[in-house]
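Comments concern the structure below.
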């Protein structure tokens, strides 16, 4: 188990370096001068060069990547080896610490993603199971039609329609915006109720697509598992249908769903860009889009670091969880 | 009153291609402590017969008719709740493939305890003690440790032993074994059969043994039902079937018995393929493959009737008694000659 963990962590480090390196190089290849942008239109050629020197963008890409990695290290060798706080550097555009940008955006995205996940599982589990139990019934046909619609509609469209109809026309929810869970800053609305009230439309938007995908997966898995021999064995033992479903069918049918959920949540944590953009949520995806538009590579890299870490960690959690719930899998 | 009396059982499946008559008028009965062998090719309806008795067919596309009286109660018409009380408690079943018949995510202990506690008001601890007792009886080595293992940690033979333990854990009156040895290697087959035989004696259960292996039937059965294309071709006590087989299909089955003690180059096989149950042949269903086919066979389905000398020995064939005796004797003489 310990060996397994050590190996997984080493792999994670390698993966991390590769992902960030590719992102870094890609960013370097964009034919734009961040210094020019940061400096402004009125700058002379000399001013731009001074800004470029201050930002470090006049140095080769490997030097810049080295600095980036150096900032992430918990130790520094400048002036004798000593411990330091790892950091993500500062934005090219507004000189803010990227750490605090990520720290502010991550809870917004996490609120959106985990809330939406609960919502889509609450929809997908019962609908998927009931559809599997009664294939070709009215419910099944209705839910399969819903699945098709949910998969086909773009989240931007869903988000805008919800925002317009429920927020703007019906005045039932805010049109956009976010409220802090732990109380608002500077007189802005805050607290759990405002938080949920502001997030309800984003949750629905993000949940619709995923609910559709999960209904289909759960339905297919349950239907497949229902025909397994061990389900017949359970019935032959005299188990009531509810017990057959819970202890024998679902326990097996939901195993792959766990993996899927882990991956999807991790991917969404990297930024549910469409939903965040439509509802003006200041989350990771929204920030990433802004930063890319400004050639603000430290901010983009910061968000990539966070997203990569989230995916790696979720991956590890899913694998550990899987080994725990599926006895056939051993971690070696 | 027999323990189980099946009368004119019919099971039809509706499929996209039409109605498949998987079991079409099967009758037999079995007394307490007896063993009934049901023999036939794949698709002859032997498994479906037993799944129908257990109520394990998919109810959505299945129609069952006739009666299956278990201690006088009709299994086909009783409430699902009552059927659940009987299943696993009074009637238990062992399936063909032990590799897939156990739930992979629960330990065998959990699955055995579940089987007890569905029918007995026992604590988990008592259930576990009972499970352990059964595992020892079916010959699982180091049962105390193995009870907490998962199915994938057992070999096929051991898994089938676990299945048998699970079936016998509530001391059922009737045990249905659906080709319990087909998926196992020959040595293990013999062990499993010996185990079922021994436990049957211990528990005084009646056993229905479904198989396509006449050797198995000869070994353990008291009565034999030979099924062909959803119908009973021949039915009688085991000595009668083996000493005086009266149906060309039974002869065919016997001819295809592999014998280790002869140097026959090839097994004699029954020509042709089993018929489609969507559109069974007219008249006698065996006629397209029967070497003794007559005109009447193509038009009239023979009724299952007692043979001349034994009222318990039933057969469904148009051939006259004399020809049947002669051909059966020729076949047996041939087998004896081969054996000596």
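Only Cα pairs under 8 Å and at least 6 apart count here; give the relative contact order of chain B as a rounded whole percent.
Working: 630 pairs, mean separation 65.0, N = 340.
Contact order relative to length: 19 percent.
Using a/c under 1.5 as the rounded threshold, could you call the stretch B:121-211 rounded, prolate or oblate? The axes a ≥ b ≥ c are square roots of the C-alpha gyration tensor eigenvalues, and prolate needs a/b larger than b/c, oblate otherwise.
On the way: a/c = 2.05, a/b = 1.20, b/c = 1.71.
The shape class here is oblate.
Count the DSSP beta bridges whose two residues both fall in the protein assembly as shown, then state the antiparallel fraction as a percent rounded to the nearest 5.
60
Peptide B:147-154: average number of partner chain Cβ atoms within 10 Å per residue?
That average works out to 1.
How large is the convex hull of the Cα atoms of chain A per residue, expressed in Å³ as a whole number?
195
Using 0.36 nm per residue of separation minus the Cα-Cα distance, give me the extension gain between residue A:21 and residue A:1 in nm, one decimal. Spell out each step's value before the answer.
Working: separation 20, 0.36 × 20 = 7.20 nm, distance 3.01 nm.
Full extension from residue A:21 to residue A:1 adds 4.2 nm.
Sorted from largest down, what three extents in whole angstroms do the Cα atoms of chain B have along their principal axes?
Result for chain B: principal-axis Cα extents of 66, 48, 40 Å.
Would you mind ranking A:279, A:114, A:77 so that the residue whose beta carbon has the fewest other beta carbons within 10 Å leads the list?
Least crowded to most crowded, the residues run A:77, A:114, A:279.
Can you tell me the relative contact order of chain A? Whole percent, Cα pairs under 8 Å, sequence separation 6 or more. Mind dumping the intermediate values first?
Details: 398 pairs, mean separation 75.0, N = 332.
Here the relative contact order equals 23 percent.
Within 10 Å of each residue's Cβ, count the other Cβ atoms and sort A:104, B:231 from fewest upward.
Ascending Cβ contact count within 10 Å gives the list A:104, B:231.
What is the order of A:144, A:1, A:301, fewest Cβ neighbours within 10 Å to most? Intermediate values should be presented prior to the final figure.
Details: A:144 18, A:1 10, A:301 23.
Listing A:144, A:1, A:301 from fewest to most nearby Cβ atoms yields A:1, A:144, A:301.
Evaluated at 25 °C with a viscosity of 0.890 mPa s, what Stokes-Einstein diffusion coefficient in µm²/s does the protein assembly as shown have when Rh comes from the Kirkwood expression over alpha-carbon pairs?
Values: Rh = 30.9 Å.
So the translational diffusion coefficient is about 79 µm²/s.
Sort B:313-325, A:64-76 by packing, meaning the average of other beta carbons within 10 Å per residue, with the highest value first. Show your work: numbers first, answer last.
Numbers: B:313-325: 18.0, A:64-76: 14.6.
Going by the mean number of other Cβ atoms within 10 Å, highest first, we get B:313-325, A:64-76.
Quick one: Debye curve from the alpha-carbon atoms of the stretch A:83-129 only, equal weights, vacuum; give me log10 I(q)/I(0) at q = 0.21 Å⁻¹ to two decimals.
So the normalised log intensities work out to -0.76.
For chain A, what does -39500 (n - 2.57) per DSSP helix run (n ≥ 4), summed and divided by total residues, give at 222 nm, in deg cm²/dmol to the nearest 500? Don't jump to the answer; show the numbers that get you there.
Working: 13 runs with 219 residues, N = 332.
Roughly -22000 deg cm²/dmol at 222 nm, from the helical runs in chain A.
Given only helices, namely DSSP H runs of n ≥ 4 each adding -39500 (n - 2.57), what is the per-residue ellipticity at 222 nm of chain B, to the nearest 500 deg cm²/dmol? All intermediate terms of the calculation are to be shown ahead of the outcome.
Values: 12 runs with 120 residues, N = 340.
It comes out at -10500 deg cm²/dmol, rounded to the nearest 500.
Starting from one equal scatterer on each C-alpha and no solvent at all, send me the Debye-based log10 I(q)/I(0) for the stretch A:101-206 at q = 0.22 Å⁻¹, two decimals.
Taking Cα atoms of the stretch A:101-206 as identical point scatterers yields -1.19.
Determine the relative contact order of the stretch B:139-225: mean sequence separation of Cα pairs under 8 Å and six or more apart, normalised by residue count, in whole percent.
28
What is the mean number of Cβ atoms from other protein chains located within 10 Å of the Cβ atom of each residue in peptide A:225-234, rounded to a whole number?
Mean number of neighbouring Cβ atoms from other chains: 6.
Give the shape of the stretch A:4-81 as rounded, prolate or oblate, defined through the alpha-carbon gyration tensor: a ≥ b ≥ c are the square roots of its eigenvalues, a/c under 1.5 means rounded, and otherwise the shape is prolate if a/b is larger than b/c and oblate if not.
Verdict is oblate for the stretch A:4-81.
Compute the length gained on full extension between residue B:239 and residue B:73: take 0.36 nm times their separation in residues and subtract their Cα-Cα distance, giving the result in nm to one decimal.
Once the chain is fully extended between residue B:239 and residue B:73, it gains 56.7 nm.
Going by a ≥ b ≥ c, the root eigenvalues of the Cα gyration tensor, does the stretch B:64-220 fall in the rounded group (a/c under 1.5), the prolate group (a/b larger than b/c) or the oblate group?
Oblate, since a/c reaches 1.5 and b/c is not below a/b.
Which values, in whole Å and largest first, are the semi-axes of the equivalent ellipsoid of the stretch A:138-288 obtained as the square root of 5 times each eigenvalue of the Cα gyration tensor?
38, 17, 15
What FRET efficiency comes out for residue A:328 versus residue A:171 if R0 is 51 angstrom and r is the Cβ-Cβ distance? Round to the nearest 0.05.
0.45
Could the peptides A:302-310, A:171-179 be put in order, highest first, of the mean number of other beta-carbon atoms found within 10 Å of their residues?
A:302-310, A:171-179
Length gain on complete extension for the stretch residue A:137 to residue A:54, per 0.36 nm per residue less the alpha carbon to alpha carbon distance?
This chain segment gains 23.1 nm when fully extended.
What's the Cα-based Rg to Rh of the stretch B:136-281, Rh via Kirkwood?
For the stretch B:136-281, the value is 1.02.
Could you check the simple spin-label distance between residue B:58 and residue B:15, using points 7 Å along Cα→Cβ, in nm with one decimal?
1.1
Taking beta carbons within 10 Å but only from partner chains, what does the mean come to for residues B:311-321?
Mean inter-chain Cβ contacts per residue within 10 Å come to 0.
Quick check: pseudo-label points 7 Å beyond the Cα along Cα→Cβ at residue B:298 and residue B:194, how many nm apart are they?
The modelled label-to-label distance comes out at 5.2 nm.
Provide the packing ranking of B:149-160, A:42-53, i.e. peptides ordered by the mean count of other C-beta atoms within 10 Å per residue, highest first.
Ranking, from highest mean packing down: B:149-160, A:42-53.
Principal axes first, then extents: for the Cα atoms of the stretch A:125-165, list largest minus smallest coordinate on each axis, whole Å, largest first.
Result, largest extent first: 36, 16, 14 Å.
For the stretch B:60-108, what is one quarter of the convex hull surface built on the Cα atoms, given in nm²?
The Cα convex hull of the stretch B:60-108, projected and averaged over all directions, gives 5.3 nm².
Give the span of the stretch B:1-143's Cα atoms along each principal axis, as three whole-Å numbers ordered largest to smallest.
Rounded to whole Å, the extents work out to 49, 37, 29 Å.
Laboratory data are not the source of any read-out in this text; all were calculated from the coordinates shown. These numbers come from a predicted model, not from an experiment. In this analysis, Cβ positions are derived from the backbone assuming ideal geometry, glycine residues included, and neighbour counts consider all displayed protein chains.
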